[in-house]
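Everything on this sheet refers to the single structure shown next.
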Amino acid sequence: MNRARLVIFNAALGPLDYRVPEGMHVEPGSVVVAPLGPRQIVGIVWEAERLPASEVPEAKLRPLASVLPVPPLKAELRRLIEWTADYYCAPLAAVARMVLASGGALRGPATMTEYRLSGGAPERLTPQRLAAIEALEGEQATIRELAGIAGVSEGVLRGLVNQGVLEPVLVDCDRPYPSARADFSVPVLNSAQSEASKHIISAVEEGQFAPFLLDGVTGSGKTEVYLEAVAKSLEMDRQTLVLLPEIALTEAFLRRFEDRFGTPPVVWHSSLKSTERRRAWRAIAAGEAQVVVGARSALFLPFAALGLIVVDEAHEVSFKQDDGVRYNARDVAVMRARFEGIPVVLASATPAIESLQMAESGVYERLVLDDRYGGARLPTIDTIDLTAEPPARGRWLAPRLVAGMEERLARGEQSLLFLNRRGYAPLTLCRNCGFRFQCPNCSAWLVEHRLSRRLACHHCGHETPPPPACPECGELDCLVACGPGVERIADEVAEILPEARIAVVTSDTINTPEKAADFVARAEAGAIDVIVGTQLVTKGFHFPELTLVGVVDADLGLEGGDLRAAERTYQQVAQVAGRAGRGSKPGEVLIQTRHPTASVIAALAAGDRDAFYEAETEARRHAGAPPFGRWAAIIVSSEDEAEAREAANRIGDSRPRVDDVAILGPAPAPLALLRGRYRYRLLLNARRTAQVQHVIRDWLAPLRFAPGVRVSIDIDPYSFV
Ligand code: ADP
Ligand code: ZN
């Protein structure tokens, strides 16, 4: 090969050709460095015939600079990259960049210096030094990372190095991970579990594409079932990828994994330190990382010998990425399994309608676990009609729910209150003039956070301290909180049950794996009586003493007219209900609602899952919504309102006439202003068989926009704001 076509990480440039110098060996998948103008760039060698590029004459080609010391990306992964780019209308470069997500890993084997406490004391113990030393107990990392952990400047830590308080340690960046052992602690599965796992295990043995929907009620042992398939994959020296929706969940999973296999798995998520990231990446590419547990981005890691993929809590919305490459990790996981020729397991107690439909039509094999493990019963579910049994004035919890919590507290059991709203109150206004606090960058109200004394925008992160006076009328002390968030509910619980120990669990309070681990440990040790949380508490956790779940406002998710509102409400409430009564004591769930007869609420109360799914499936079929039809969105944005509108109108005016595709809009997006950008949306509703991506590409390709305009495409959108 003396000519190489590269995918480079610059979406605007597209593939480029280079000359392969004498003596250099490259093949498709090789990761190389090439000159671009005065710079050096990283690229991936691709099969030339699969990519268009401008035909530069041989004599004019510049030579590649070097080949990076990592294994070439396998053909299976290259096909996945192509498929993802094509399906989601994203630049190949943007998808390829997700694969090489660790710059450090590309530089090859290395050692580096980390630092840890030596046990010595500094000559002068300033409060800052003391605090740093306390914070660094048990830590070992680079100076930069330690500075982040301790919250001090690198200068302070260098001072401690000079005084011998921190000592250098030379570490091999690629030191191997301890081996997981398939037979470390083998569980005895009950008959339904072993029946389900048998199917997956034999698919792992056969090593062929086989998608499974592991559909089991909460607490039925889905995790135990798929861990047996992981064991089989380990025995066969194949790698396994387990995708989890939330890092908060990984902590509990890691411990469980360690109990089963003797060592924790390799972890991959966005908050890894750069050294952990490069170590994981290289071990994955070398085939040495046996089991990788990660967030959705782990899907694009360069596994050497993948044997199994598991997507746990597969219905979770957070598998859908809504910026950059807008992909759905659940769906890409199935495609990866297909290209790799391996089984994939989608596990859920509340599968997405899309997944159930795939099972129904025979594409996925459905494995069912109908009962909770070990005789634990599913909780009883009842609704509280807030119009008939209202809470006391200025309160949010109805008397029956309060009584239930009092009983649990008296018996030493735990209660959980679920409200999917962070902060204290979703809206703050002036009592005097009615002024409402709005985000300057977004069309959204600022949410009051009392714990951190802030008014915050949940869309862009804008924050401001609550002012002493109304910015509009100048009246002092006139701000009132409207509506409840979890912090306000926690305050109410503290008033009603002063002796209760309360934990507020949201992404504000549980924002690191350590905090998640600490919360789980305290809950398990019985050091928490009442948990008040957002969707973060709906899944994964297993607290045997938790016997009461209260859903503070079941109607919340049904507002807004989102296509999946009913399904999401069903999933959230069913999942949070699934936290109750997982041990030997029976669980009870109380759902507060103003619409007890709404079909989704009634189905939840009756425990009639099939009724809900049937009704919802029919509604989707009728509306031509997924999985029976397809949606796609085009989002146009600019910092300039007129520019955004003009661009959206131009797209609208040039709309193609295609059978099977209805095009709606443009219209201002519900979030008409987001992070300082004005937004317009067009929505496509297509027959399943329509080639939506082709239609969109052909439509947009000839259009040119002002430089400030961004046009993004969202295939199979989840968010309609
Ligand atoms: P799910 O993932 O379906 O919600 P889990 O796998 O978390 O269910 O199982 C619920 C609980 O029951 C966990 O504590 C788990 O350890 C336990 N469990 C399930 N199956 C078994 C088994 N076969 N042997 C021992 N414990 C089990
Ligand atoms: Zn904002």
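The values are calculated or read from the model by the stated rules, or taken from the named source; none is laboratory data. This is a predicted model, so every value here is computed, not measured. Counting neighbours? That spans all protein chains shown, and the Cβs are built from the backbone with ideal geometry, glycine included. What goes into the accessible areas is simple: the full protein's heavy atoms, side chains included, and nothing from ligands, DNA or RNA. Shrake-Rupley method; radii C 1.70, N 1.55, O 1.52, S 1.80 Å.
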* Send over a whole-number figure in Å² for the accessible area per residue of the range 191-374, probe 1.4 Å. => 32 Å²
* Sort the following peptides by mean Cβ neighbour count (other Cβ atoms within 10 Å, averaged over residues), highest first: 707-717, 532-542, 206-216. => 532-542, 206-216, 707-717
* Structure fact -> Here the gain from full extension of residue 2 to residue 208, 0.36 nm per residue of separation minus their alpha-carbon distance, amounts to 70.6 nm
* Please list 543, 184, 435 in order of solvent-accessible area, largest first, computed with a 1.4 Å probe with all protein chains present. => 184, 435, 543
* To do: Mind giving me the nanometre distance, one decimal, between the label points for residue 700 and residue 62, set 7 Å out from Cα along Cα→Cβ?
  => 2.9 nm
* Apply the Karplus parameterisation 6.51 cos²θ - 1.76 cosθ + 1.60, with θ equal to phi minus 60°, to every residue of the range 588-595 and state each ³J(HN,Hα) to the nearest whole Hz, in sequence, with x for glycine and proline. => 10, 10, 10, 10, 7, 7, 9, 10
* To do: Roll a 1.4 Å probe over the protein chains and send me the accessible area per residue for the range 111-172 in Å².
  => 57 Å²
* Asked: To the nearest 10 Å², what's residue 339's accessible area with a 1.4 Å probe?
  -> 70 Å²
* Summed side-chain charge close to residue 534 - residues other than residue 534 whose Cβ falls under 15 Å, Lys, Arg +1, Asp, Glu -1 -> +2
* Roughly speaking, to the nearest percent, how much of the chain's 1.4 Å accessible area is carbon and sulfur? -> 50 percent
* To do: With runs of 4+ DSSP H residues as the only contributors, calculate the mean residue ellipticity of the chain at 222 nm using -39,500 (n - 2.57) per run, divided by the residue total and rounded to the nearest 500.
  => -9500 deg cm²/dmol
* Quick one: of the DSSP bridges fully inside the chain, what percent are antiparallel, nearest 5? -> 55 percent
* Structure fact -> Put 601, 510 in order of accessible area, largest first, probe 1.4 Å, and you get 510, 601
* Could the peptides 135-146, 627-638, 386-397, 117-128 be put in order, highest first, of the mean number of other beta-carbon atoms found within 10 Å of their residues? -> 627-638, 135-146, 386-397, 117-128
* Counting pairs of alpha carbon atoms under 8 Å apart in space and at least six apart in sequence, what relative contact order in percent does the range 191-374 give? -> 38 percent
* To do: Give the residues of the range 439-468 whose amide nitrogen is closer than 19 Å to a point set 7 Å from the Cα of residue 433 in the direction of its Cβ.
  => 439-440, 445-446, 465-468
* Is the chain best put as rounded, prolate or oblate by its Cα gyration tensor, with a ≥ b ≥ c the root eigenvalues, rounded for a/c under 1.5, and otherwise prolate when a/b is larger than b/c, oblate when not? -> rounded
* Using θ = phi - 60° and the Karplus relation 6.51 cos²θ - 1.76 cosθ + 1.60, list the HN-Hα couplings for the range 426-437 in order, rounded to whole Hz, with x at every Gly or Pro. => x, 8, 10, 9, 8, 5, 7, 10, x, 4, 10, 7
* Asked: Which whole-number value in Å² is the accessible area per residue of the range 629-715, probe 1.4 Å?
  -> 51 Å²
* Quote to one decimal, in nm, the extra length available between residue 476 and residue 527 on full extension: 0.36 nm per residue of separation minus the C-alpha distance between them. => 14.3 nm
* To do: Could you list which residues have their amide H under 5 Å from that of residue 214, counting only those 5 or more apart in sequence or on another chain, with H placed in the peptide plane?
  => 346, 347, 348, 367
* Asked: Where the centre of each part is set by its Cα atoms, how far does the range 42-61 sit from the range 692-707, in angstrom?
  -> 25 Å
* Rounded FRET efficiency, nearest 0.05, which uses the C-beta distance separating residue 623 from residue 304 and R0 of 41 Å -> 0.40
* Computed label-point distance, nm, for sites residue 388 and residue 237 using a 7 Å Cα→Cβ extension -> 6.6 nm
* **Label-point separation in nm, residue 450 to residue 712, each point 7 Å along Cα→Cβ** => 3.5 nm
* Asked: Counting other Cβ atoms within 10 Å of each Cβ, which GluC sites (Glu not before Pro) in the range 535-631 have at most 12 and sit in a DSSP loop?
  -> 559
* **Calculated FRET value between residue 463 and residue 169, using beta carbons and R₀ = 35 Å, to 0.05** => 0.35
* Please work through the chain and write down the cysteines that have no neighbouring cysteine Cβ at a distance under 4.7 Å. => 89, 173, 460, 478, 482
* Please list 293-299, 516-522 highest first by mean number of surrounding beta-carbon atoms within 10 Å per residue. => 293-299, 516-522
* To do: Starting from the residue with the highest accessible area, list 570, 678 in decreasing order, probe 1.4 Å.
  => 678, 570
* Asked: At a Förster distance of 60 Å, what's the computed FRET efficiency of residue 110 paired with residue 688, Cβ-Cβ distance as r, to 0.05?
  -> 0.75
